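Engineer: If you scroll down you'll find the structure; I have some questions about it.
The values are calculated or read from the model by the stated rules, or taken from the named source; none is laboratory data. The shown structure was predicted, so the numbers you read here are calculated from the model rather than taken from an experiment. All Cβ positions, glycine included, derive from the backbone under ideal geometry; neighbour counts span all protein chains shown. These accessible areas exclude ligands, DNA and RNA; they are computed on the full protein's heavy atoms, side chains included. Shrake-Rupley method; radii C 1.70, N 1.55, O 1.52, S 1.80 Å.
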Amino acid sequence: MNAFTKIIGTVLAAGSLAFISAGSVAADELATIKEKGTMRIAMSGAYPPFNFVNEQNEVVGFDAAIGTEIAKRMGLETEIVTTAWDGIIGGLLANKYDAIVGSMSITEERQKVVDFVGPYYTTKRAVFTMAGSPITSVAQLSDATVGVTLGETHEQWAREQGYDVKTYKGLPELLLELENGRVDAIIADSVAVILAAKESGRDLVALNDLETEAVGAGIAIRQGNPELKAAMQKALDEIQADGTYVEIANKWVGGDIR
């Protein structure tokens, strides 16, 4: 059982969390957040260039910038919380933060327990090896060791394929393990790996015979908050319409990735 499936099982089994996730909260949380004046947003902090900790110990990147701009348009300050990816939805349901702005793929499984604002960009699953690797097709992965980030949808997919899977905390660790030969391939979002490899100078190759569809990354919030969802979506729509989105995207990921 993968980490996310465990979270869903816990939510459905635990009355308090199930009660919250079913949208049975007493009132929409928008008013409470506005009263506090700060929106707490969560991300792993280990997914460059989308979110990572810089030399000044600040959490920065595309996700952080988008989340901060949304909060600003809502008249709010931003507090960024970093947490392990495999427990990030559990933390949202336990009210440890108000939203997840962390490049989370919108899936039917996740929509059972959270609502999504967005999507705010799209990407595809991809398999990468080091240049010169003998692995040149997806069929060869059955005899390989693959690395994935713990709790991502890619972990669940890799296990469903029956691959020999090793899990890691985030993309920097994945890339290092691939470079050092401790895994034969890594499975992750294509955009993030391409950008991180370019930044670090690593020579990676994507297997071109993987059949996959583009998926949207969304902002997760607790269910039962239509006013909060509408306010955040309005802010996101404005950002995308007035050119701010492209400015942020150009800075952090080198272009429009919608």
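Engineer: Could you tell me which numbered condition N180 fails, if it satisfies all but one of (1) over 22 Å from D63 (Cβ atoms); (2) touching a helix residue (DSSP H, G or I) at 6+ places or on another chain (Cβ under 7 Å)?
Structural biologist: Failed condition: (2).
Engineer: Looking at V193, V215, which is the one that is among the β-branched types (V, I, T) and surrounded by 19 or more Cβ atoms within 10 Å (Cβ to Cβ)? If you could, list the steps in order and put the result at the bottom.
Structural biologist: Details: V215 fails: surrounded by 19 or more Cβ atoms within 10 Å (Cβ to Cβ).
After ruling out the rest, the residue left standing is V193.
Engineer: Filter the range 220-250 down to the residues that are within 20 Å of I89 (Cα to Cα) and assigned to a loop (DSSP other than H, G, I, E, B), then identify the one that is least open to solvent (accessible area, probe 1.4 Å).
Structural biologist: N225
Engineer: Could you identify the single residue in E227, E238, E213, E199 that is more than 16 Å from F50 (Cβ to Cβ), modelled with pLDDT under 95 and not polar (S, T, N, Q)?
Structural biologist: E213 is the lone residue from the list that is more than 16 Å from F50 (Cβ to Cβ), modelled with pLDDT under 95 and not polar (S, T, N, Q).
Engineer: All but one of (1) of a type outside the set (D, E); (2) open to solvent by 10 Å² or more (accessible area, probe 1.4 Å); (3) within 25 Å of T167 (Cβ to Cβ) hold for N95; which doesn't?
Structural biologist: The failed condition is (3).
Engineer: Another question about this same structure. So if I check each of E55, E79, E108, which one is under 22 Å from V148 (Cβ atoms), of a type in the set (D, E, K, R), surrounded by fewer than 19 Cβ atoms within 10 Å (Cβ to Cβ) and out of contact with any helix residue (DSSP H, G or I) (no Cβ under 8 Å at 6 or more places or on another chain)?
Structural biologist: Every option except E108 fails the conditions.
Engineer: Let me ask another. Exactly one condition in (1) surrounded by 19 or more Cβ atoms within 10 Å (Cβ to Cβ); (2) over 20 Å from G218 (Cβ atoms); (3) in contact with a Lys or Arg (Cβ under 6 Å, 6 or more places away or on another chain) is not met by D115; state its number.
Structural biologist: (2)
Engineer: Can you pull out every residue in the range 135-159 that is assigned to a strand (DSSP E or B) and either more than 17 Å from V193 (Cα to Cα) or open to solvent by 30 Å² or more (accessible area, probe 1.4 Å) (or both)?
Structural biologist: T145 - this is the single residue of the range 135-159 that is assigned to a strand (DSSP E or B) and either more than 17 Å from V193 (Cα to Cα) or open to solvent by 30 Å² or more (accessible area, probe 1.4 Å) (or both).
Engineer: I've got another one for you. Could you check how many residues of the range 196-205 are in contact with a helix residue (DSSP H, G or I) (Cβ under 8 Å, 6 or more places away or on another chain) and open to solvent by 50 Å² or more (accessible area, probe 1.4 Å)? So that I can check it myself, show each step before the final result.
Structural biologist: Just the residues of the range 196-205 that are in contact with a helix residue (DSSP H, G or I) (Cβ under 8 Å, 6 or more places away or on another chain), to begin with: 196-197, 200, 202-204.
Of the ones still in play, those that are also open to solvent by 50 Å² or more (accessible area, probe 1.4 Å) are 200, 202-203.
So the count comes out to 3.
Engineer: Considering every residue within the range 114-124, establish whether at least one is touching a Pro at 6+ places or on another chain (Cβ under 9 Å) and of a type in the set (D, E, K, R).
Structural biologist: Yes; the residues of the range 114-124 include at least one that is touching a Pro at 6+ places or on another chain (Cβ under 9 Å) and of a type in the set (D, E, K, R).
Engineer: Filter the range 206-245 down to residues that are in contact with a Gly (Cβ under 8 Å, 6 or more places away or on another chain) and among the β-branched types (V, I, T), then give me how many there are.
Structural biologist: 1
Engineer: Among residues belonging to the range 182-199 that are in a helix (DSSP H, G or I) and touching a Phe, Trp or Tyr at 6+ places or on another chain (Cβ under 9 Å), point out the one that is nearest to E213 (Cα to Cα).
Structural biologist: Only one residue tops the list, namely S190.
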